[in-house]
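Visitor: Can you read through this structure? Questions will come right after.
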Amino acid sequence: MRPYLLFKYGFSGVVILWLSVLTLEAKLIRVATLNLYNYVITNRMVGSVYRKDYPKPEDEKQALREVVIKTEPDILAVQEIGPKPYLLEFQRDLRSDGIDYPYIILMEAVDKDRHTGILSKLPFDQVKRHDNLEFKWFNERLKVKRGLLEITFKSENLEWSLFNLHLKSRYTVHEEDPEGRIQREGEATVIRNYIKKNYLQNSNLHYLIVGDFNDTIGSKTLRRLLKSGSTKIADPVSARDSRGETWTYYYKKEDVYSRFDYILSSPAMVPYIESASGTIVDIPAMKRASDHRLVYVDIIIREE
């Protein structure tokens, strides 16, 4: 957690000190999401050589850490990481490079290889791992493949929750479900229903939904998480990089740029987000680190 500094808007130092006396003390919490791109043992291309059962290359790991260190999130939601030892390695290596996340949690679900997780400088108030959210898919009942990780924080005078998800990939596993669209929509729907039942109907109104949605803003997948009938579930937080571009995922095979990584905010949480917008990181290390780009928002909480 870092203090909210008014000089980011270009005020002089004298005015900064004067304003800090006249305004309420404010804290800034930076929340980020990043797909770590196969931080697991898997078959992969390493340079020009195809390797079987190969770990994420060290230069990619180093680039990941550089991105995180330069971005300085207080809370980092990650996708596509292996079992607990991989998250512990990432935590340890970040600490060695100068940024410490003492609080970590891993979500394990149906997918035994790729998981989601949270690294945080802030303590968790509550942790809920949802590995049994089910939906109908053709003649089967499926569970959300990578589950849903729900963390609650108490930050000054605000209690709020963070949902981290990684929805079904666009790989086709059923000929009647090209690119997994129906399965992905089913995952989004059951997650939406859980949030609607346990938050909107119980006045727990402050939350963010973040992660790799594997779909675009106009898709049924995203629409399921934004509204349910006339009930608004969340608003997509707009985000751009330093050039004004909005893509977060590059599919090298087809040379396609897409926006798959989002931060969705409950309507009540939007006023806490600085400028009601986020940032997509485009520093050079980002290209080496992952095929996704880190997205973050700054939450501003004023002390009463």
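The values are calculated or read from the model by the stated rules, or taken from the named source; none is laboratory data. Keep in mind the model is a prediction, meaning the values are calculated, not measured. Heads up, the Cβs are rebuilt from the backbone with ideal geometry, glycines too, and the neighbour counts pull from every protein chain shown. Only protein heavy atoms, including side chains, enter the accessible area calculation; ligands, DNA and RNA are left aside. Shrake-Rupley method; radii C 1.70, N 1.55, O 1.52, S 1.80 Å.
Visitor: Relative contact order for segment 225-303 using alpha-carbon pairs under 8 Å, separation at least 6, rounded to a whole percent?
Guide: 32
Visitor: Taking amide H atoms as placed 1.01 Å from N in the peptide plane, list the residues 5 or more away in sequence, or in a different chain, whose amide H sits under 5 Å from that of residue 56.
Guide: Long-range HN contacts for residue 56: 40.
Visitor: Counting only protein heavy atoms and a 1.4 Å probe, tell me what percentage of segment 146-201's accessible area is made up of carbon and sulfur.
Guide: 43
Visitor: How much area per residue is accessible in the chain when the probe is 1.4 Å and only protein heavy atoms are counted (Å²)?
Guide: Ligands and nucleic acids excluded, the figure is 48 Å² per residue.
Visitor: Test of understanding: given the chain, find the longest segment containing no trypsin sites (Lys or Arg not before Pro) that are in a DSSP loop and have at most 15 other Cβ atoms within 10 Å.
Guide: 1-111
Visitor: Pull out a ≥ b ≥ c, the square roots of the eigenvalues of the alpha-carbon gyration tensor of segment 46-112, then state rounded if a/c is under 1.5, prolate if not and a/b is larger than b/c, and oblate in the remaining case.
Guide: oblate
Visitor: Which Cα, out of 218, 198, 256, lies furthest along the positive dipole direction of segment 177-272 (beta carbon charges, K/R +1, D/E -1)?
Guide: 198
Visitor: I want to verify the translational diffusion coefficient of the chain in µm²/s; compute it with Stokes-Einstein, Rh as the Kirkwood radius over Cα pairs, at 25 °C and 0.890 mPa s.
Guide: It comes out at roughly 122 µm²/s.
Visitor: Of the beta bridges DSSP finds with both residues in segment 143-234, what % are antiparallel, to the nearest 5?
Guide: Within segment 143-234, antiparallel bridges account for around 60 percent of the total.
Visitor: Each residue of segment 106-111 in turn: what ³J(HN,Hα) in whole Hz from Karplus with 6.51, -1.76, 1.60 and θ = phi - 60°, glycine and Pro shown as x?
Guide: Working through the residues one at a time gives 10, 9, 10, 9, 4, 5 Hz.
Visitor: Longer than 23 Å from Cα to Cα, which of 61/252; 145/252; 52/252; 52/253; 27/197; 70/227 are they? Say none if no pair is.
Guide: As for pairs spanning more than 23 Å Cα to Cα, those are 145/252; 27/197; 70/227.
Visitor: Please report, in whole Å, how far the alpha carbons of segment 59-179 spread along each principal axis, starting with the longest.
Guide: Projected onto its principal axes, the Cα set of segment 59-179 covers 50, 41, 22 Å.
Visitor: With every atom except the alpha carbons ignored, what do you get for Rg and Dmax of segment 197-253, in angstroms?
Guide: For segment 197-253, the Cα radius of gyration and maximum Cα-Cα distance read 14.2, 45 Å.
Visitor: Near residue 143, which aspartates and glutamates are there with a Cα under 13 Å away, not counting those fewer than 8 places off in the same chain?
Guide: Straight-distance partners of residue 143: 108, 111, 131, 134, 185, 187.
Visitor: With Rg and the Kirkwood Rh both taken from Cα atoms, where does Rg over Rh land for segment 223-270?
Guide: 1.10
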